[in-house]
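One structure is given here, and the rest of the page talks about it.
The values are calculated or read from the model by the stated rules, or taken from the named source; none is laboratory data. Predicted model, so just to flag it, every value in this text is computed and none were measured. Cβ: placed from backbone, ideal geometry, glycine included. Neighbour counts: every protein chain shown.
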Amino acid sequence: MAYGHALCPNIRCIHMKNILVKLGKRSYDITVCHDSMDKLGKLLKKLNIGTDAVIITNPTIKRLFGKIVEETLLSSGFKVRFETVPDSEKAKSEKYCLKLINNISRFDGTGRRIFIIALGGGVIGDLSGFVASIYKRGVPYVQVPTTLLAQVDSSIGGKVAIDLAVGKNLAGSFYQPRLVFSDVNTLKSLSRNDLTSGMAEVVKYGIIRSPKLFTFLEKNYSKILKGEKKALQSIIYTCCAIKAKVVEKDELDNKGLRVILNLGHTIGHAIETAAHYRKAYSHGQAVALGIIAASSIAEKIGMSDKDTGVRIKKLLRNIGLPVKMKGLKVKDIISAQARDKKFIHGKNRFVLPVKIGKVIIKEDIPMPVIKDSISALFS
């Protein structure tokens, strides 16, 4: 599969560039732009998805971007209601899902045409999309991601979910947004840790599909972490283009193609679960550790050479992502991993890097190999 968009040379701080996710009647644009949030209302007007916007966000994001989003919607004739949830992974729960549905139902009524806007990071996007998928058996929703992780990954592709106590994303749907609107300018609000966390997903895309992106990251990670606009737009556009192509070929993750997007997530999700979704390990940090574990597994079963693992680990370390772990127990991670939804017919399933730009799907990895690779994260 070729990706001509990789590190698109035409991106020179353009104001707005679109990638079409081709899914027939469910097709939609990913808009990558900067300092263009005031254009959102007009874009939504053209989509004709409703008249009454419910914006799901958290208090921090509402304070930063709520006013400009509200103004652009009001100026385009929409009615607006905000619903806020806590700024943490714990918002992605049955409790807040049901609370949102009840609040939306009270706002809804005769003559209203409800649609939902997910304004925030991956937690907000997943939660909002899941609520949209089940309220009245589905209402339109729009992703307005404000973190790097959400802009390059979680806002695209229609996987929406909430967490259960025993595992991450165990209650979910496939439900495509009507638009993904990624304004790079919102990333200025991120802390260094949040930006670094998002880079784990960017590295993932380089490993699974683009040696050119991986090399770009090795040479330019410091510029990206400093918030250089051109570099950020370039990596966001590249990752979006890669994910769009994968999703087009395997929308419902049932052809064995889309699973490559889970590199690092099998053990990464288990780390998050074992940590009880505390901030000790953000999603990106957990995925980085999961990528290292997957690389270790690939080496141990003879599917990858050591140089690939060394290169991956060096880049993650240079970016500032963890390459070692503490404060958790191997047995708790193993237990959480055993409940992972990527198990097929009772067999585990891992995405393993063969080399930069190529991965394989491998099932039924021996438990001692998995345990050794997780244990190595503590040494």
Of all the residues that make up segment 244-267, how many are part of a loop (DSSP other than H, G, I, E, B) and aliphatic (A, V, I, L, M)?
-> 3
Could you give every pair whose Cβ atoms fall below 8 Å, whose first residue belongs to segment 180-204 and is within 17 Å of Ile68 (Cα to Cα) and without any contact (Cβ under 8 Å) to a residue 60 or more places away in the chain, and whose second residue is surrounded by 22 or more Cβ atoms within 10 Å (Cβ to Cβ) and not hydroxyl-bearing (Ser, Thr, Tyr), counting only separations of at least 6 or pairs across chains?
-> Leu187/Leu148; Leu187/Gln151; Leu187/Leu195; Leu187/Leu232
Whichever residue in segment 306-364 is closer than 17 Å to Thr266 by Cβ and polar (S, T, N, Q) and, among such residues, is nearest to the chain's Cα centre (by Cα) = Gln337
Contact list, first residue from segment 235-246 and in contact (Cβ under 8 Å) with a residue 40 or more places away in the chain, second anywhere and of a type in the set (Ser, Thr, Tyr) and assigned to a helix (DSSP H, G or I), beta-carbon distance below 8 Å, six or more apart or interchain, is Thr238/Tyr205; Cys239/Tyr205; Ile242/Tyr205; Lys243/Tyr205
Residue among Gly129, Gly66, Gly120, Gly125 that alone is at positive phi and crowded, with 16+ Cβ neighbours inside 10 Å = Gly120
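Picking from Ala200, Ala241, which residue would you name as being surrounded by fewer than 24 Cβ atoms within 10 Å (Cβ to Cβ), assigned to a helix (DSSP H, G or I), at pLDDT 95 or above and within 15 Å of the chain's Cα centre (by Cα)?
Ala241 is the lone residue from the list that is surrounded by fewer than 24 Cβ atoms within 10 Å (Cβ to Cβ), assigned to a helix (DSSP H, G or I), at pLDDT 95 or above and within 15 Å of the chain's Cα centre (by Cα).
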Specify which of the listed residues (Val287, Val184, Val246) is outside the structural domain of Arg26 (by TED's automatic domain parsing) and over 21 Å from Ile162 (Cα atoms).
-> Val246
Pick out the one residue from Asp29, Asp52, Asp35 that is closer than 20 Å to Ile114 by Cα and touching a residue at least 40 places away in the same chain (Cβ under 8 Å).
-> Asp52
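Being among the aliphatic types (A, V, I, L, M) and assigned to a helix (DSSP H, G or I) is the filter here, so list the residues in segment 280-298 that pass it.
Within segment 280-298, Ala286, Val287, Ala288, Leu289, Ile291, Ile292, Ala293, Ala294, Ile297, Ala298 meet the criteria.
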Would you point out the residue of segment 139-168, among those that are small (Gly, Ala, Ser) and out of contact with any helix residue (DSSP H, G or I) (no Cβ under 7 Å at 6 or more places or on another chain), that is nearest to Asn262 (Cα to Cα)?
-> Gly158
